[in-house]
Amino acid sequence: MADLPALRIGLSGGIGSGKSTVAALLAQHGAALVDTDAIARQLTLPGGAAIAPIRAAFGDDVIDAAGGLDRERMRALAFADVQARRRLEAILHPLIGIETDRQATQAPSSVKVFDVPLLVESGRWRRRVDRVLIVDCSEATQIERVAERAGWSRDAARAVVAQQATRETRRACADAVIHNDGITLDTLSAHVRDLWGHWCGLS
Ligand code: ADP
């Protein structure tokens, strides 16, 4: 197999766009995935590195019985109080950055895909990657897909979509956009294969 280029791809898309599906397809071609959402979750599990500073900043109220972050409470607090959200981000972002860098350094491929749900919103990611790949679909399709997940209603899906960056904002910072609407998973897979060939000089 020919050598892969050194390439850092930032992958993003709204909830339900098909971002995780595209990430998995890229991994099948040989990319190493770094999932920043999973990193954030691990940091806030019992024993995670973010727990002590979060407890110091917000008190025991946001820590659950098992010693992990009480997501419901933290979400309510961060939603209601922008200062609280900023303090939480000031704790989490550097820790996520350190773990992301560690995983990227150890990644078993020169093509690294950084799965970043809030890539467009956070603004800090653009200069950390060589290419930005956005998975895009209509809001109606997003809501339809998310509402099929266990524990999600249409209203909950709609509320998250409304909080996220608009499709236009996301597409404006993209080097490539995969339109994942009204196509089969096979066609999505073919789009990813074409992009892989284009960006990595192979297929
Ligand atoms: P995200 O990571 O953007 O939230 P996912 O990749 O988890 O979204 O996709 C949401 C759901 O939609 C999954 O069940 C996935 O299999 C399905 N899906 C995504 N793209 C397609 C498609 N083109 N055709 C059919 N189902 C799709």
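For VAL113, the residues whose amide H sits under 5 Å from its own are ILE9, ALA32, LEU33, VAL34, ignoring neighbours fewer than 5 places away on the same chain, with H placed 1.01 Å from N.
The modelled label-to-label distance for the pair GLN28/ALA159, using points 7 Å beyond Cα in the direction of Cβ, is 3.5 nm. When +1 charges are put on Lys and Arg Cβ atoms and -1 charges on Asp and Glu Cβ atoms, the dipole computed for segment 1-88 relative to its Cα centre reaches about 220 debye.
Each part gets one Cα centre, and for segment 3-38 versus segment 145-203 those centres are 11 Å apart.
When +1 charges are put on Lys and Arg Cβ atoms and -1 charges on Asp and Glu Cβ atoms, the dipole computed for the chain relative to its Cα centre reaches about 420 debye. Between the helical axis of 71-80 and the longest alpha-carbon principal axis of the chain there is an angle of about 90 degrees. If the segment from ALA90 to GLU168 were pulled out straight at 0.36 nm per residue, it would be longer than the present Cα-Cα gap by 25.3 nm. Quick check: the angle from helix 185-200's long axis to the longest principal axis of the chain, C-alpha only, nearest 10 degrees? Tilt of helix 185-200: around 80 degrees. Short-range pairs are left out: with C-alpha atoms under 8 Å and at least six residues apart, the relative contact order of segment 30-175 is 27 percent. Converting phi to 3J(HN,Hα) with the Karplus coefficients 6.51, -1.76 and 1.60 and the offset θ = phi - 60°, segment 155-170 yields 5, 5, 4, 4, 5, 5, 4, 5, 7, 7, 4, 6, 4, 5, 4, 5 Hz in sequence order, with x at every glycine or proline.
Rg ratio for segment 79-149: its Cα radius of gyration over 2.2 N^0.38 Å, N being its residue count, equals 1.39. First check a/c for the chain, with a ≥ b ≥ c the square roots of the eigenvalues of its C-alpha gyration tensor; if it is under 1.5, answer rounded, and if not, answer prolate when a/b is larger than b/c or oblate otherwise. Oblate is the answer for the chain, as a/c is 1.5 or above yet b/c matches or exceeds a/b. Karplus-derived 3J(HN,Hα) values for segment 5-22, using 6.51 cos²θ - 1.76 cosθ + 1.60 with θ = phi - 60°, are x, 7, 8, 10, 10, x, 10, 8, x, x, 4, x, 6, x, 4, 5, 5, 5 Hz; glycine and proline are entered as x. Around the amide H of ILE178, modelled in the peptide plane, lie the amide H atoms of ILE134, VAL135, ASP136, all under 5 Å away and 5 or more residues distant in sequence or on another chain.
Computed from the coordinates by the stated procedures, all read-outs in this text should not be read as laboratory data. Being a predicted model, the structure only gives us computed values, none of them experimental. Heads up, the Cβs are rebuilt from the backbone with ideal geometry, glycines too, and the neighbour counts pull from every protein chain shown.
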